[in-house]
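Data block below; observations after.
The values are calculated or read from the model by the stated rules, or taken from the named source; none is laboratory data. This one's a predicted model, so the numbers in the text were calculated from it and none came from an experiment. In this analysis, Cβ positions are derived from the backbone assuming ideal geometry, glycine residues included, and neighbour counts consider all displayed protein chains. These accessible areas exclude ligands, DNA and RNA; they are computed on the full protein's heavy atoms, side chains included. Shrake-Rupley method; radii C 1.70, N 1.55, O 1.52, S 1.80 Å.
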Amino acid sequence: MMTSAMESLSPPRTDATAADAARAAALDVYDVIGRPPEPELEALVELAALVCGVPTAVINLIDETHQHQVAAFGIGPSICTREDSMCDVTIQQQSPIVLADAPLDPRFARNPFVTGVIASLRFYASSQLRTPAGVTIGTLCVFDEEERHLTPAQAGAVDALARQIVDVLELRRRTTLLEQSLEELTLARAELSRSNDQLAAFAGQVSHDLRNPLTEVMGYVQELADLPSVAEDPEGSWLVERAGQSAARMYAQMTELLDYGHVGGRLGSEEVDLGRLAYLVRDDLGDLIRAGGAEIVIHTLPVVRGDENQLRSVLQNLISNALKFTLPGVPAHVTVSAWRGATGMRVEVADRGVGVPVGHAAGVFTLFERTGQLDVEGHGIGLATCRRVIEAHGGRIGLESRDGGGTVAWFELPDAAG
């Protein structure tokens, strides 16, 4: 049993109006036509029939040429042309249609589902299915071959159920999108893991193929410097010294690049006492601290979850930078502290040094990017490595100007870091 419109003898439609195009696009997104009926939709049409006390209810979705029953109660789902669709008239109305005796309505009097050619419907009630964007994609309709009357409460219930049907379609659409996003995320994580594994393998190969020969070169340069003929020649000594310094810088830069490449490949996940790490870093930097007459104050720092070695590297980079970038003739004063933010812990390394030029704070975390004092040793890799470590832990890192002068280098770790 189907519904139909009064233009039953007109030829099939071939033109697509703007409304047809919008409806077709919405139906394509919901992707229910041609699929087995959804249990949730079948439950709603059964409820509509029970509320109205009629034997039949259907959900009709209408595309450019046909009406598709995607769920039905009292009959089996079927398809008909729009010319034989009573609901094709309903979707062009702004309000629901409720007819106690359809043959008396001129819009439906000649319809084959009313005249007896296909069926002999008398009672017909239909509410539009409108998407959140306002596109009418079909109807929820109830009907019978006997004359019936709906109370206002029954008519309102049919309209409410129509809205519920759209909610079900929207939930199904969003669930599908979420599943697709989760699948894409899973694939992306797998690709990232593969890429990190390749990067770690490449770093190890570089370590073997480049650092070892470079170590030999540095040894040969040192032997050359010890030769009496070189030691007694000022120009020769100067050249050999320059060669040794260049080799040492290359070795240091290569080591930093290897550290950068290893970050994020395999993070450890353990409880890390940042306070203990900060004191270890202070001990490691003892020569630099004493040479500059610097002072480091370490306040209470939290225990977090993450990779201890990599987080120690972050603290080492931030504290050593604070010790290096100082004002001329002014010993460094560095404060390491922490406080709880909305989503985790924020650790700050504050100094009274030269600060970072306006507009350059974000750039210093880019690989090989350097700002500030160019006479200070560095290759523009340390802060880039820090960013990779913190982001691998799910956190953030940045630089800010400090009130009264200097810089605050900070990083935030979520409660579930690592």
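Take the Cα of LEU50, step 7 Å toward its Cβ, do the same at ASP283, and the gap between the two points is 7.4 nm.
Note on region 83-199: semi-axes of the ellipsoid equivalent to its C-alpha gyration tensor, largest first and rounded to whole Å, are 47, 15, 11.
Principal axis extents of the C-alpha atoms in region 45-126 (largest first, rounded to whole Å): 29, 28, 28. Using the average count of surrounding beta-carbon atoms within 10 Å as a protection proxy, the listed peptides 323-333, 55-65 rank, highest first, as 55-65, 323-333.
Can you give the local net charge around GLY292? Use residues other than it whose beta-carbon is closer than 13 angstrom to its beta-carbon, Lys and Arg +1, Asp and Glu -1. Charge balance in the 13 Å sphere: 0. A 1.4 Å probe, protein heavy atoms only, puts the accessible area of SER95 near 70 Å².
Note on GLU179 and GLU391: the extension gain reaches 73.8 nm, defined as 0.36 nm multiplied by sequence separation minus the Cα-Cα distance. What base-10 log of the normalised intensity I(q)/I(0) is obtained for region 149-190 from the Debye formula, alpha carbons as equal point scatterers, at q = 0.15, 0.17, 0.19 Å⁻¹? Here log10 of I(q) over I(0) equals -0.53, -0.59, -0.64. Spin-label model, SER229/ASP403: points 7 Å from Cα along the beta carbon direction are separated by 6.7 nm. Stretching ARG163 away from ARG242 to a fully extended chain increases their span by 20.5 nm, per 0.36 nm per residue minus the current alpha-carbon distance.
Around the amide H of LEU121, modelled in the peptide plane, lie the amide H atoms of VAL114, GLY116, all under 5 Å away and 5 or more residues distant in sequence or on another chain. One chain, two ends: GLU147 and VAL217. Fully extended at 0.36 nm per residue, the span grows by 15.0 nm beyond their Cα-Cα distance.
Can you give the FRET efficiency for ARG172 and GLU270, using 1/(1 + (r/R0)^6), R0 = 41 Å, r = Cβ-Cβ distance, to the nearest 0.05?
Values: r = 43 Å, r/R0 = 1.04.
That pair, ARG172 with GLU270, gives E of 0.45.
Here the Kirkwood formula puts the hydrodynamic radius of region 279-352 at 13.1 Å, using every distinct Cα pair.
Taking amide H as placed 1.01 Å from N in the peptide plane, the amide H of ALA338 sits under 5 Å from that of GLU348, each at least 5 places away or on another chain.
A simple rule links phi to the HN-Hα coupling: the Karplus curve 6.51 cos²θ - 1.76 cosθ + 1.60 with θ = phi - 60°, which for region 29-41 gives 5, 6, 6, 10, 5, x, 9, x, x, 6, x, 5, 6 Hz, with x for Gly and Pro.
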